[in-house]
Amino acid sequence: MLKRILKNLQNMTKKYISAEGLQKLKEKLEFLKTTKRREIANRIKVAKELGDLSENAEYQDAKDEQAFNEGEILEIENTIKNAVIIDKNGQHNIVEVGNSVQVKTTSGEKEFMIVGSNEADPPLGKISNESPIGQALLGKKKGDDVEVETPGGKIKYKILAIS
């Protein structure tokens, strides 16, 4: 039981991401650590020169932006540290992160790409492996029927193809 709990905790920290997505995160991290930090430091310096810091809205705003930036840096560093690169050349007999899945519902056919939570974009058909639909599809095979509980009720999917 304890081993299963520990394994689940380890899986929760894993961040599935494509190689392209990881590269974009690294570029954003570099921007936040260099350019953005310098901009914020300059804003703080200018605001300090305006005088009384207790009533200086510009100073407080710059400090808030600094805190937000540092939080974003920590979050991105954590994501990069726990990144698991999606293998797009993996198996296509079961649904895995990185696969595209063609399904049939009562409203017609749809295609989803299972991605990590950082790259999810539902309007473009990119759904997170952590979403209800993503979780329900993972590990299933072509021909399997999947039922997903959504806020609008249960939806049934039939897996037509995995690529």
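The values are calculated or read from the model by the stated rules, or taken from the named source; none is laboratory data. Nothing here was measured: the structure is a model prediction, and the numbers come from that model. Note that each Cβ is placed from the backbone with ideal geometry, even for glycine, and that neighbours are counted across all protein chains shown.
Numbers at a glance
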{"read-out": "Hits in the stretch 15-53 (condition: of a type in the set (D, E, K, R), assigned to a helix (DSSP H, G or I) and over 14 Å from residue 83 (Cα atoms))", "value": "27, 28, 30, 33, 36, 37, 38, 39, 43, 45, 48"}
{"read-out": "Filter pass, residue 139 being under 16 Å from the mean Cα position of the chain (by Cα) and closer than 27 Å to residue 22 by Cα", "value": "no"}
{"read-out": "Any hit, the stretch 50-61, residues being of a type in the set (Asp, Glu) and in contact (Cβ under 8 Å) with a residue 40 or more places away in the chain", "value": "no"}
{"read-out": "Candidate set: the stretch 10-39, residues that are closer than 13 Å to residue 115 by Cα and among the charged types (D, E, K, R); chosen: the one modelled with the lowest pLDDT", "value": "14"}
{"read-out": "Residue within the stretch 135-154 that is within 30 Å of residue 37 (Cα to Cα) and part of a strand (DSSP E or B) present", "value": "no"}
{"read-out": "Some residue of the stretch 78-98 being part of a helix (DSSP H, G or I), closer than 23 Å to residue 23 by Cβ and at pLDDT below 90", "value": "yes"}
{"read-out": "Extreme residue, nearest to the chain's Cα centre (by Cα), among residues of the stretch 66-89 that are closer than 17 Å to residue 29 by Cβ and acidic (Asp, Glu)", "value": "75"}
{"read-out": "Unmet requirement for residue 106, which otherwise passes all of (1) exposed (fewer than 14 other Cβ atoms within 10 Å of the Cβ); (2) touching a residue at least 60 places away in the same chain (Cβ under 8 Å); (3) among the β-branched types (Val, Ile, Thr)", "value": "(2)"}
{"read-out": "Some residue of the stretch 114-132 being touching a residue at least 40 places away in the same chain (Cβ under 8 Å), in contact with an Asp or Glu (Cβ under 8 Å, 6 or more places away or on another chain) and in a helix (DSSP H, G or I)", "value": "yes"}
{"read-out": "Within the stretch 54-64, tally of residues that are more than 30 Å from the chain's Cα centre (by Cα), surrounded by 12 or more Cβ atoms within 10 Å (Cβ to Cβ) and part of a helix (DSSP H, G or I)", "value": "3"}
{"read-out": "Test result for residue 44, within 16 Å of residue 15 (Cβ to Cβ), of a type in the set (A, V, I, L, M, F, W, C), at pLDDT 90 or above and assigned by TED's automatic domain parsing to the domain that holds residue 15", "value": "no"}
